[in-house]
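Here's the structure, in structure tokens; my notes come after.
The values are calculated or read from the model by the stated rules, or taken from the named source; none is laboratory data. Quick caveat, the model's predicted, so the values are computed rather than measured. Please note: Cβ atoms are built from the backbone with ideal geometry, for glycine as well, and neighbour counts cover all protein chains shown. Surface accessibility is based on the protein's heavy atoms, side chains included, excluding ligands, DNA and RNA. Shrake-Rupley method; radii C 1.70, N 1.55, O 1.52, S 1.80 Å.
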Amino acid sequence: MDIIVNGEPQELADVITIATLLEARGLTGKRVAVERNGEIVPKSRHAETAIASGDRIEIVVAVGGG
């Protein structure tokens, strides 16, 4: 399955969820915003939102500072 993550093509072997993708990228527990095909995916729906072939995923990590 081919998807785009933050503008970069990526090939996935299995159907996964947003939560699984975040875990694979080491982002579990971090403050992130995720957009799937132009729509924000609430954190409460990460575990149930499946990624399909052709999806465009944008992941933004919140960075603190001052």
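Select from Asn37, Ile51, Gly26 the residue farthest towards the positive end of the dipole of the chain; place +1 on Cβ of Lys and Arg, -1 on Cβ of Asp and Glu, and compute about the Cα centre. Comparing the listed Cα positions along the dipole, Gly26 ranks first. Of the GluC sites (Glu not before Pro) found in the stretch 20-66, those in coil by DSSP whose Cβ has at most 11 other Cβ atoms within 10 Å are Glu48. Accessible area per residue for the chain, computed on protein heavy atoms with a 1.4 Å probe, is 68 Å². Per-residue extension of 0.36 nm, minus the Cα-Cα distance of Thr49 and Leu27, leaves a gain of 6.3 nm for this segment. Surface composition of the chain: carbon plus sulfur atoms contribute 49% of the solvent-accessible area (1.4 Å probe, protein chains only, all chains present). Assuming charge only on the beta carbon of Lys and Arg (+1) and of Asp and Glu (-1), the dipole of the chain about its Cα centre is about 380 debye to the nearest 20. Residues whose amide H falls under 5 Å from that of Ile51, counting only those 5 or more places apart or on a different chain, are Ile16, Thr17, Ile18, with hydrogens built in the peptide plane. Between Ala52, Ala13, Ala24, the residue with the greatest mean-square fluctuation in the GNM of the chain (Cα pairs under 10 Å linked by springs) is Ala13. Projected over every direction and averaged, the convex hull enclosing the alpha-carbon atoms of the chain yields 4.7 nm².
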